[in-house]
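Notes follow the structure.
The values are calculated or read from the model by the stated rules, or taken from the named source; none is laboratory data. Remember, it's a predicted structure, so these values are computed and weren't measured experimentally. Cβ sites come from the backbone with ideal geometry, for glycine too, and all protein chains shown count toward neighbours. Surface areas here come from the heavy atoms of the whole protein model, side chains and all, with no ligands, DNA or RNA. Shrake-Rupley method; radii C 1.70, N 1.55, O 1.52, S 1.80 Å.
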Number of protein chains: 2
Amino acid sequence: MTEASARLERLCIDTIRALAIDMVQNANSGHPGLPLGAAPVGYLLFARTLKHNPANPRWPDRDRFVLSAGHGSALLYSLLHLTGYDLPLDELKRFRQWGSETPGHPEFGDTPGVEVTTGPLGQGLAASVGMAIAERHLAARFNRPRHAVVDHRTYVLAGDGDLMEGVAHEAASLAGHLRLGRLVCFYDSNHISLAGATALAFTDDVKRVFEGYGWHVQSVQDGNDLAALARATDAAKAAADRPSLVVIRSEIGYASPKQGTFGVHGSPLGVEQVKATKRALGYPSEEPFFLPEQAVTCLRGAVSRGKAAEADWRSRFEAYKRDHPDLAAEFERVMRGELPAGWDADIPAFSASDKPIATRAAGGRVESAIAARVPELVGGSADLNPSTDTAIKGAGDFESPEFSPPDRQGAVGGEWSYAGRNLHYGVREHAMAAISSGLALHAGVIPFAATFFTFSDYMRPAIRLAALMRLHVVYVFTHDSIGLGEDGPTHQPVEQAAALRAIPRLTVIRPADANETAGAWRVAMTHRDGPVALVLTRQALPVLAVKGDVAHGGYVLADGEGRPDVLLIATGSEVSLALEARAILAERGLRARVVSLPSWSLFDAQPREYRDSVLPPDVLARVAIEAGVPLGWERYVGPAGAVVGIENRFGASAPLKVVMEHYGFTAANVAQRAIEVVEGLAARLAALGLRKA
Amino acid sequence: MTEASARLERLCIDTIRALAIDMVQNANSGHPGLPLGAAPVGYLLFARTLKHNPANPRWPDRDRFVLSAGHGSALLYSLLHLTGYDLPLDELKRFRQWGSETPGHPEFGDTPGVEVTTGPLGQGLAASVGMAIAERHLAARFNRPRHAVVDHRTYVLAGDGDLMEGVAHEAASLAGHLRLGRLVCFYDSNHISLAGATALAFTDDVKRVFEGYGWHVQSVQDGNDLAALARATDAAKAAADRPSLVVIRSEIGYASPKQGTFGVHGSPLGVEQVKATKRALGYPSEEPFFLPEQAVTCLRGAVSRGKAAEADWRSRFEAYKRDHPDLAAEFERVMRGELPAGWDADIPAFSASDKPIATRAAGGRVESAIAARVPELVGGSADLNPSTDTAIKGAGDFESPEFSPPDRQGAVGGEWSYAGRNLHYGVREHAMAAISSGLALHAGVIPFAATFFTFSDYMRPAIRLAALMRLHVVYVFTHDSIGLGEDGPTHQPVEQAAALRAIPRLTVIRPADANETAGAWRVAMTHRDGPVALVLTRQALPVLAVKGDVAHGGYVLADGEGRPDVLLIATGSEVSLALEARAILAERGLRARVVSLPSWSLFDAQPREYRDSVLPPDVLARVAIEAGVPLGWERYVGPAGAVVGIENRFGASAPLKVVMEHYGFTAANVAQRAIEVVEGLAARLAALGLRKA
């Protein structure tokens, strides 16, 4: 390399730095420390390493880049703008402002080139493992001799915080196990975190830990040594049999007066310090947002290189299409996220004369029927395949073909390779959720993730991000209430339904029987505005006489002539209980309508007319029945209603019928509560100063 | 060792095994696999290693034992019964039955000798780190030359699942950093997890990983080799400068026909296989619950040894008391969990004439005032000290005195040792929560744990367990709504308040100003039926004219003459907004009452009379204002009310005032909504077929 070109590279890097700190200063909010320290590796990636086309950020075979240290967003926006993505300088000047394309942390969907929403630490690194899995899976499924149409890498930039989070360790351990050689993680080790020296809390021998996970690990002693970074990157790419970690010793807030201090992590430098930083860098101007033309021209070279790279791929894809027209059409279909024609043709219908069946078991049958026609449905459980009933039989185990364990107990069968559609997540619920997001973000697959409902708590940070990103992910949560029995309160979810209903854009469905479960899976496959959580029982439930209307979220399941005296509103396993209570009430001369309400959010999204037809506003005697906390049920039972739920306590260890009985989930108790509500209605209204019109 | 004594030991171990599988078989539910495989190490611990007194499971200086692999509860109950804890055989025969002392997973409080509730994997291991921290801290605080009154160890039995969970890795990394030499973890590596061969998903080089965390690691190749286990235990105890991991290669379901298969993990063996197992062991009888007298006598030896050990400690404690009477009294006080007299004497009172102050900052001042008088208050944040305002200034950093980092930026100051009261958790929210539980379980300290409110999601599984165990833990959650501004939706909690309110026995308090924050801390220090979560703002809030009544959960903050036309009910930062709206409504001739409702659960626990006095049932025009999802607010606003909340969406990145305005959190909008509610009341009631009485 000539001295001139080295100088130009240095100028490019300083331009990235200057632009990033100008953004932060202009917003008077944000994180200047990471961009100053990590600009060289950012440059190396975006200008020299990444196979990407700034003119088409959705090109299927692009390399993915994940900024796991999402607080360094200014670095990413700086790189995106300078390498020619459709992110104008004016948007950078609107960093962290209302409606801009440059929010405080990278937000998927808001900004061209942002592959994933990050900020909550560890999540990006875990999602990147999902992207790398998707790449290997689609390569195994679609590539053919002389036709490598899926052939890209996933790069991550992570910080100290990412490396401390458990979800990152779960994901790293699994990535090592799966030998994901296409995954390269740069660890910006700047020895400073938000609250001080990283060493106050974190003194891992990171190299040793990641080698223990099966990774290829290198160190670069000086984060400004571009040649060393480039050599490490080449070696990482060459280590095809293992994911790679490159530990980069960098200086937080490099060249600023606050270099190496935690004060530079998350606060603007101040106008004078920004200038001082530019002077220390030898930057050609102290003017805010000054961009040297030479550097801009050099960095924008990414556009022509990117166009050429995509054009090359497109011509290779055309050749593939000629040789494998069906496969090519299939590839285009899955990448568009379209379901195949007839995807739901084999979904079983269950009959009221069938013997009772747990909704987890019904879910397993439905999932199998869909999976047989939807090859892009892939997923697995957190070491609970026999319990969640989610394994896709014979569809192969997603494992490294190079790996042959001494014992394959629990393997699903079929191919043992990256073509396998069954992922063995191990007891790593959190990473499972984050990896599922990465799978969905990559595109080409529809991921599902299964565990016991109570352990949805472990997945919550990743579920939230999936909802924020509106991703197509299906969560299968089984063992959904105190109905699981003996395992006791640690395993009995009582508050999880309420807690998940609180997450915006997450569709929670708790089906009442096998047919509602089929309906729930239909929603899960077709819903396009966020993830769907299916909440299923361990215990057998009768198949209802009516085929439930899950798509509307709620419907009238059983009714009589005339205006009902009382509404019994229930979800899941408590719906059949409501039906039994209805029979008791009929003997007492009371007309009860049973409403099944498997999904609050779907129901709430219906027109008022429909909702009022199901829950007539003037029927104020209402009882909700759900084996969980009553939180939120007031919306449906109103001021004079009651909730048969679980309040201020957890579950208990005992056989399911005993627990259910002790907690009041019997038809007799439900009927009794309904009678009390009906008889107490006038008094309850009078207490509110009201009477019937 | 003589052949006879070796034979007796073997019989003891087989008795432990037989009793455990009999329990599982009798319940026809449970996990026989781990007890059969891990009985030898269980024997070694309970019969030879643990310093414990079965006659007094609360002896302060006992060694703690944590069964992190909680599904192996039958092993623990077997050990507790056989070594003489007050756990009768009849209770073992009621394994997993309603109201028994032997629930499906170990439940703290249900069973003498059970130190912690476990089952959700990884949690026990993480909690054990908290116990080990508490031991070192109390030793540093109370021990004096020639007086080691705090001098015990923490032992853990963990399984494959524990070692896969991220929370365990977070905790292990921190334990290594802190050089907790008193912590010994036995890893029952049986190569089988619930769903199959562990190797399907988990091929870590565990030794390497834990060495990378700074642990002392040993392997025992045969889990039945008692001599090797004992040697490893001795070596682990001798490695005083590091926590120890002993990897034990064991056989799941040892001696049963299903040995080494995943079928034996979580299902009863069946009557015939139980018999076959006993035959294979050479057990003297196939009768259920047969206990050889010789073995029972041998195992019950733990009682006399335990009594002697405690008596020895008590006599040493008496000597300590003579030499250090004040310290001894203080030790007894903190171990009883009693607050010192005058603990709250310095809590500041804030005045309405003070300038606006963020509740996080007010919380910091209150916490400092309490901490100065309550030396057992210890805790820290997940790398957010400067932001959560929770560091106890000058109270020292809890760090290994042997560890001297190159850079102490961010250290709180004061002593750098195990006497330090400030814990640096790093970016490990989940472990922070589980460790806090361990601190509380150990007794002698009152732990607090701080992070941004949105990251409470990471802590949720551990918070749930703390609530289940009714532990005294204080969570300090700052940056509590979209009011944090520019960091955007990933950092803006909109659903966390609702989601935490769903957890039984967790007291959530979102104070409206500095004085309510002081009231919230009073509750946090004195509440004894579960953890308390304080939800605090990043932004400054005016100090209200009224000193709020947090203890009752809600109260009338502003009212006028006569019956109010409308109730404005708010929490936290939205209370001052309600006051502003009230002024606008007054100009429009409407009497609005403002109710501050910082804690739903505390309010709901008040007598109906009090609640009705705050929220008069006949005032149906009600508006709730909270910068979060409306879930659950219907309970307070009733059938004709409205919620100014955040529905079906997340937050947005922009300066706080801009975000608040766009989301409708302005006095003008609140007033407008109130007017609509008042004016629409009759129509809304008519739609319900109602009118005023």
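When you scan the range B:604-620, do you find a residue that is touching a residue at least 12 places away in the same chain (Cβ under 8 Å), within 22 Å of A:GLU495 (Cα to Cα), within 12 Å of another protein chain (Cβ to nearest Cβ) and under 32 Å from the mean Cα position of the chain (by Cα), even just one? Looking through the range B:604-620, at least one residue is touching a residue at least 12 places away in the same chain (Cβ under 8 Å), within 22 Å of A:GLU495 (Cα to Cα), within 12 Å of another protein chain (Cβ to nearest Cβ) and under 32 Å from the mean Cα position of the chain (by Cα). Looking only at residues in the range A:531-560 that are touching a strand residue (DSSP E or B) at 6+ places or on another chain (Cβ under 8 Å), small (Gly, Ala, Ser) and part of a loop (DSSP other than H, G, I, E, B), the one that is surrounded by the most Cβ atoms within 10 Å (Cβ to Cβ) is A:GLY554. Quick one: would you say B:ARG7 is open to solvent by 10 Å² or more (accessible area, probe 1.4 Å) and under 25 Å from B:SER250 (Cβ atoms)? Criteria met by B:ARG7. Among the residues of the range B:390-423, those that are charged (D, E, K, R) and part of a loop (DSSP other than H, G, I, E, B) comprise B:LYS393, B:GLU399, B:GLU402, B:ASP407, B:ARG408, B:GLU415, B:ARG421.
Name the single residue, out of those in the range A:404-429 being facing chain B (nearest Cβ under 9 Å) and either without any contact (Cβ under 8 Å) to a residue 24 or more places away in the chain or on the phi > 0 side of the Ramachandran plot (or both), that is surrounded by the fewest Cβ atoms within 10 Å (Cβ to Cβ). Checked the range A:404-429; the qualifying residue surrounded by the fewest Cβ atoms within 10 Å (Cβ to Cβ) is A:PRO406.
Which of the residues belonging to the range A:424-456 are among the charged types (D, E, K, R) and within 22 Å of A:ALA358 (Cβ to Cβ)? Selection gives A:GLU429 alone.
When residues of the range B:92-110 are filtered for being away from chain A (no Cβ under 11 Å) and either crowded, with 19+ Cβ neighbours inside 10 Å or at pLDDT below 95 (or both), how many remain? Of the residues in that region, 1 qualify. Filtering the range A:607-617 for residues that are of a type outside the set (Gly, Ala, Ser) and modelled with pLDDT under 95 leaves a non-empty set. Is one or more of the residues making up the range B:185-194 of a type in the set (S, T, N, Q) and modelled with pLDDT under 95? Yes; the residues of the range B:185-194 include at least one that is of a type in the set (S, T, N, Q) and modelled with pLDDT under 95. The criterion of being at pLDDT 95 or above and under 30 Å from B:ILE569 (Cα atoms) holds for B:PRO493.
Out of all the residues in the range A:122-141, is one or more part of a loop (DSSP other than H, G, I, E, B), within 14 Å of chain B (Cβ to nearest Cβ) and closer than 19 Å to B:ALA431 by Cα? Checked the range A:122-141: at least one residue is part of a loop (DSSP other than H, G, I, E, B), within 14 Å of chain B (Cβ to nearest Cβ) and closer than 19 Å to B:ALA431 by Cα. Residue pairs whose Cβ atoms lie under 6 Å apart, sitting 6 or more positions apart in sequence or on different chains, and linking a residue in the range B:189-207 that is open to solvent by 20 Å² or more (accessible area, probe 1.4 Å) to a partner that is among the polar types (S, T, N, Q), are B:HIS191/B:THR198; B:ASP204/A:SER173. Set side by side, the residues A:SER368, A:SER351 differ, and just one is surrounded by fewer than 17 Cβ atoms within 10 Å (Cβ to Cβ) and modelled with pLDDT of 95 or more, which is A:SER351. The residues of the range A:239-258 that are over 30 Å from A:HIS216 (Cα atoms) and open to solvent by 30 Å² or more (accessible area, probe 1.4 Å), listed by number, are A:PRO257, A:LYS258.
Sub-6 Å Cβ pairs linking a first residue in the range A:267-283 that is outside any helix (DSSP H, G or I) to a second residue that is surrounded by fewer than 19 Cβ atoms within 10 Å (Cβ to Cβ), at least 6 apart or interchain, are A:PRO268/A:ASN28, ordered by first then second residue. So for the range B:512-524 (the condition being among the polar types (S, T, N, Q), on the phi < 0 side of the Ramachandran plot and crowded, with 24+ Cβ neighbours inside 10 Å), does at least one residue qualify? There is at least one residue in the range B:512-524 that is among the polar types (S, T, N, Q), on the phi < 0 side of the Ramachandran plot and crowded, with 24+ Cβ neighbours inside 10 Å. Taking the stated definitions as given, is B:GLY266 within 14 Å of chain A (Cβ to nearest Cβ) and small (Gly, Ala, Ser)? Against the criterion (within 14 Å of chain A (Cβ to nearest Cβ) and small (Gly, Ala, Ser)), B:GLY266 qualifies. A:ARG528 meets the stated requirement of being assigned to a loop (DSSP other than H, G, I, E, B), in contact (Cβ under 8 Å) with a residue 40 or more places away in the chain and not β-branched (Val, Ile, Thr). Look at (1) of a type in the set (A, V, I, L, M); (2) out of contact with any helix residue (DSSP H, G or I) (no Cβ under 6 Å at 6 or more places or on another chain); (3) open to solvent by less than 10 Å² (accessible area, probe 1.4 Å) and you find that B:ALA228 fails only one, number (3). Whenever a residue of the range B:492-514 is more than 7 Å from every other protein chain (Cβ to nearest Cβ), its partners that are open to solvent by less than 10 Å² (accessible area, probe 1.4 Å) and among the acidic types (Asp, Glu), lying with C-beta atoms within less than 7 angstrom and at least six residues away or across chains, give the pairs B:PRO493/B:ASP480; B:GLN496/B:ASP457; B:ARG510/B:ASP480. Of the listed requirements (1) open to solvent by less than 10 Å² (accessible area, probe 1.4 Å); (2) farther than 30 Å from B:ALA419 by Cα; (3) within 17 Å of the chain's Cα centre (by Cα), B:LEU121 misses just one: (1).
For the range B:208-234, which residues satisfy the criterion of being more than 17 Å from B:ALA38 (Cα to Cα), in contact with a strand residue (DSSP E or B) (Cβ under 6 Å, 6 or more places away or on another chain) and without any contact (Cβ under 8 Å) to a residue 24 or more places away in the chain? B:GLU211 - this is the single residue of the range B:208-234 that is more than 17 Å from B:ALA38 (Cα to Cα), in contact with a strand residue (DSSP E or B) (Cβ under 6 Å, 6 or more places away or on another chain) and without any contact (Cβ under 8 Å) to a residue 24 or more places away in the chain. Residues in the range B:626-658 that are more than 8 Å from every other protein chain (Cβ to nearest Cβ) and over 30 Å from A:ARG94 (Cα atoms) were compared, and the one that is surrounded by the most Cβ atoms within 10 Å (Cβ to Cβ) is B:TRP633.
Within the range B:581-589, identify whether any single residue is more than 14 Å from every other protein chain (Cβ to nearest Cβ), over 36 Å from the mean Cα position of the chain (by Cα), part of a loop (DSSP other than H, G, I, E, B) and of a type outside the set (D, E, K, R), and answer yes or no. So far as the range B:581-589 goes, yes, one or more of its residues are more than 14 Å from every other protein chain (Cβ to nearest Cβ), over 36 Å from the mean Cα position of the chain (by Cα), part of a loop (DSSP other than H, G, I, E, B) and of a type outside the set (D, E, K, R). Total residues in the range B:310-364 satisfying the condition of being more than 30 Å from B:SER481 (Cβ to Cβ), of a type in the set (A, V, I, L, M) and in a loop (DSSP other than H, G, I, E, B): the figure is 3. Flag set for B:THR111, criterion: of a type outside the set (A, V, I, L, M, F, W, C) and under 30 Å from A:PRO655 (Cα atoms). Against the list (1) part of a loop (DSSP other than H, G, I, E, B); (2) open to solvent by 10 Å² or more (accessible area, probe 1.4 Å), the condition A:PRO386 fails is (1).
Condition first: open to solvent by 10 Å² or more (accessible area, probe 1.4 Å), in a loop (DSSP other than H, G, I, E, B) and without any contact (Cβ under 8 Å) to a residue 60 or more places away in the chain. Can you find one or more residues in the range A:42-54 that meet it? No, the range A:42-54 has no match at all. In the range A:220-251, of all residues being within 14 Å of chain B (Cβ to nearest Cβ) and over 30 Å from the mean Cα position of the chain (by Cα), the one that is farthest from B:PHE202 (Cα to Cα) corresponds to A:GLU251.
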